[in-house]
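*Asks:* Take a look at the following structure, please.
The values are calculated or read from the model by the stated rules, or taken from the named source; none is laboratory data. Since we're looking at a predicted model, the values are computed, not measured. So basically every Cβ, Gly included, is an ideal-geometry build from the backbone, and we count neighbours across all protein chains shown.
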Amino acid sequence: MNGTSHAVIGSATGFIVANAVQSTPSETLLFVSLGAVSGLIPDLDIDGKLRGKITLPHQMIQLSAQVIGIMMILYSIFEKTAGERWIGVGIGILILFIASLIKRKHMLTITGIAVLMGGISVEERWIILLGIYIMIASFTSHRSYTHSILGVVYFGIIAADLETSLGINGLFYTCIGGYISHLLADLKILPFNKRGVKLFLPLSSKEL
């Protein structure tokens, strides 16, 4: 199933939850939006279609890192003492080397690290956990762990923390419902799916 369909189903899930908890119009809009996002989250894996849409072009990150490396080298040469100069130049060269290795496939991992650091800076556990989720997803094959019960449980923890943080009843059910709707829509028993999902990883790799 394509991303648009997953987003629509997730939005519908959020709308149903909003009506069930009798949320306000603004909360209903939030639920519908979160439902759509949650319905897309499982496709953040290494081959998923969503990964390229949430990350910056790798050339931009690469250029930024190169500029930082050059500035570090120049600053160290002109501003540092003899002992510190070589350390700064070495760090600058290391940054330039790392920048040369950045490829498109690394962008999701970099995004996860950025989200993790953002969560640490604002001291929000759900953001920290989301950053970890994105980093792990960047190394997992498509329709594997993000499409498993293990993925549901982990995302459920994120959803529970989000509801606690915002204090809005129903957010958990919206997020977890949207996430589960994605897995159900990808099941092999549906005629339009050639592949299924490995719900019971790591215990079983059988597609359902």
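*Asks:* Report those helices (runs of 4 or more DSSP H) wholly inside region 15-91 carrying at least 1 residues which are at pLDDT 90 or above.
*Replies:* Where helices (runs of 4 or more DSSP H) fall fully within region 15-91 and carry at least 1 residues being at pLDDT 90 or above, they are 25-40.
*Asks:* Would you check which residues across region 73-82 are under 22 Å from Phe97 (Cα atoms) and loosely packed, with under 11 Cβ neighbours inside 10 Å and list them?
*Replies:* Phe78
*Asks:* Would you point out the residue of region 138-153, among those that are of a type in the set (Ser, Thr, Tyr) and buried (at least 17 other Cβ atoms within 10 Å of the Cβ), that is nearest to Ile128 (Cα to Cα)?
*Replies:* My answer is Ser138.
*Asks:* Follow-up. Determine whether region 106-126 contains at least one residue that is in the same structural domain as Ser38 (by TED's automatic domain parsing), in contact with a Leu (Cβ under 7 Å, 6 or more places away or on another chain) and over 30 Å from Gly69 (Cα atoms).
*Replies:* no
*Asks:* Still on this structure, please answer the following. Given the residues Leu150, Leu184, Leu190, Leu108, which is the only one that is among the aliphatic types (A, V, I, L, M) and part of a loop (DSSP other than H, G, I, E, B)?
*Replies:* After applying the criteria, what remains is Leu190.
*Asks:* Hey, another quick one. Please go through region 165-181 and give me each residue that is without any contact (Cβ under 8 Å) to a residue 24 or more places away in the chain and assigned to a helix (DSSP H, G or I), ordered by number.
*Replies:* Scanning region 165-181 gives Leu166, Phe172.
*Asks:* Any idea which residue in region 165-208 is farthest from Phe15 (Cα to Cα), counting only those that are of a type in the set (Gly, Ala, Ser) and in contact with an Asp or Glu (Cβ under 9 Å, 6 or more places away or on another chain)?
*Replies:* So, considering only residues that are of a type in the set (Gly, Ala, Ser) and in contact with an Asp or Glu (Cβ under 9 Å, 6 or more places away or on another chain), the one farthest from Phe15 (Cα to Cα) is Gly196.
*Asks:* Can you name the condition, by its number, that Ile158 falls short on among (1) modelled with pLDDT under 90; (2) under 15 Å from the mean Cα position of the chain (by Cα)?
*Replies:* That leaves (1) as the condition not met.
*Asks:* Would you mind stating whether Ile93 is without any contact (Cβ under 8 Å) to a residue 12 or more places away in the chain, more than 29 Å from Leu203 (Cβ to Cβ) and not assigned by TED's automatic domain parsing to the domain that holds Ile16?
*Replies:* no
*Asks:* If you go through region 188-198 one residue at a time, do you hit one that is over 17 Å from the mean Cα position of the chain (by Cα) and crowded, with 19+ Cβ neighbours inside 10 Å?
*Replies:* yes
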